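Written below as structure tokens is the structure these notes are about.
The values are calculated or read from the model by the stated rules, or taken from the named source; none is laboratory data. The structure displayed is predicted, hence computed values, not measured ones. Because the Cβ atoms are built from the backbone with ideal geometry, glycine has one as well, and the counts that use them run over all protein chains shown. Quick note on the areas: whole protein, heavy atoms, side chains included, nothing else; ligands and nucleic acids left out. Shrake-Rupley method; radii C 1.70, N 1.55, O 1.52, S 1.80 Å.
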Amino acid sequence: MADAVGDEPRLVGSDRVLAVLSALGSHPRGATLDQLSHEVSSPKPTVHRALAALRRAGFVEQIERGVYAVGDELLRIAFQAARERPDVARVRPVLEELTATFGETAHYAVLDGAEVVYRAKTDPPAGAVRLTSVVGGRNPAYRTAVGKLLLSGRVQGEADLRAIVGEGPLDARTPRTITDVSALWRELELSRERGYAVDDQENELGITCVAVALPSVDGEAPVGAVSVSALAFRMPLADLVSAVPRIQTIVAGGSGRRGDEGEPGQ
């Protein structure tokens with residue numbers, strides 16, 4: 001619905017409620033009515049009504065006077081859905097085996113446009129790498145191993161890549177980040193040829209990473225990518241690369257067993 005005085009769309013009904021909930025999700029410690037009203041560009045009375053509806057559903061709670069936060073019921077639904085979705089249920093034993101084998105953090109991620117979304121993560125019980133990645137979190141695909149692996153299977157040429165990531169130069173998260181789109185395309189070609197992708201401290205300084213594809217149950221296109229991340233001084237990239245055959249064996253064997261046993265994802 002268009003605004004009467006301009007071309008900007010005006011949030012109404014369920015769209016407004018969802019916009020308020022989305023805005024609140026970016027404030028884990030809570031947000032005030034004024035903050036939310038500003039962020040969704042809606043009057044305070046209408047935002048207050050949206051909050052009231054969300055509170056009745058248990059999706060929002062008032063943690064102190066005038067301050068609202070995401071409610072326990074929404075967290076329960078989100079965590080249950082994330083834990084039990086078929087691909088996550090199938091890959092979780094794979095990540096656990098990778099972490100147990102290498103003593104490092106393992107991730108499972110999927111591609112969403114120009115970003116990767118982390119759907120699962122396992123950390124070793126001791127000496128875990130403190131990474132910025134979280135389940136449900138996102139990173140630009142071009143500077144992560146999982147992202148480059150997935151992009152390499154998605155794009156057919158440099159023009160396709162530019163349509164996804166832009167013309168560049170890409171933002172440099174670290175001095176090692178690939179910022180030139182042509183150079184990124186060459187890296188994707190190499191990743192596709194060798195069957196794995198790397199992140200040589202491109203997303204976080206001091207962190208190296210390799211990623212391989214998670215095959216679908218029917219053997220068709222990969223459903224996502226699995227990675228192992230490590231401290232560079234403890235496990236240099238060359239050591240991670242030398243471990244790729246073992247990583248691929250664990251990923252292929254683990255995902256295959258889950259499918260053979262009739263687990264979710266079949």
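Could you tell me whether the stretch 162-172 includes any residue that is open to solvent by less than 60 Å² (accessible area, probe 1.4 Å) and in contact (Cβ under 8 Å) with a residue 60 or more places away in the chain?
Within the stretch 162-172, none of the residues are open to solvent by less than 60 Å² (accessible area, probe 1.4 Å) and in contact (Cβ under 8 Å) with a residue 60 or more places away in the chain.
Is it the case, given these coordinates, that Leu214 is touching a helix residue (DSSP H, G or I) at 6+ places or on another chain (Cβ under 9 Å), surrounded by 22 or more Cβ atoms within 10 Å (Cβ to Cβ) and closer than 19 Å to Phe102 by Cβ?
When the stated conditions are applied, Leu214 passes them.
Within the stretch 2-51, can you find the residues that are modelled with pLDDT of 85 or more, in a loop (DSSP other than H, G, I, E, B), on the phi < 0 side of the Ramachandran plot and under 29 Å from the mean Cα position of the chain (by Cα)?
His27, Arg29
Would you pick out the residues in the stretch 100-123 that are under 18 Å from Val241 (Cα atoms), open to solvent by 10 Å² or more (accessible area, probe 1.4 Å) and among the polar types (S, T, N, Q)?
Residue satisfying the conditions is Thr101 alone.
Confirm whether Val134 is modelled with pLDDT of 90 or more, surrounded by fewer than 21 Cβ atoms within 10 Å (Cβ to Cβ) and either aromatic (Phe, Trp, Tyr) or out of contact with any helix residue (DSSP H, G or I) (no Cβ under 9 Å at 6 or more places or on another chain) (or both).
Against the criterion (modelled with pLDDT of 90 or more, surrounded by fewer than 21 Cβ atoms within 10 Å (Cβ to Cβ) and either aromatic (Phe, Trp, Tyr) or out of contact with any helix residue (DSSP H, G or I) (no Cβ under 9 Å at 6 or more places or on another chain) (or both)), Val134 does not qualify.
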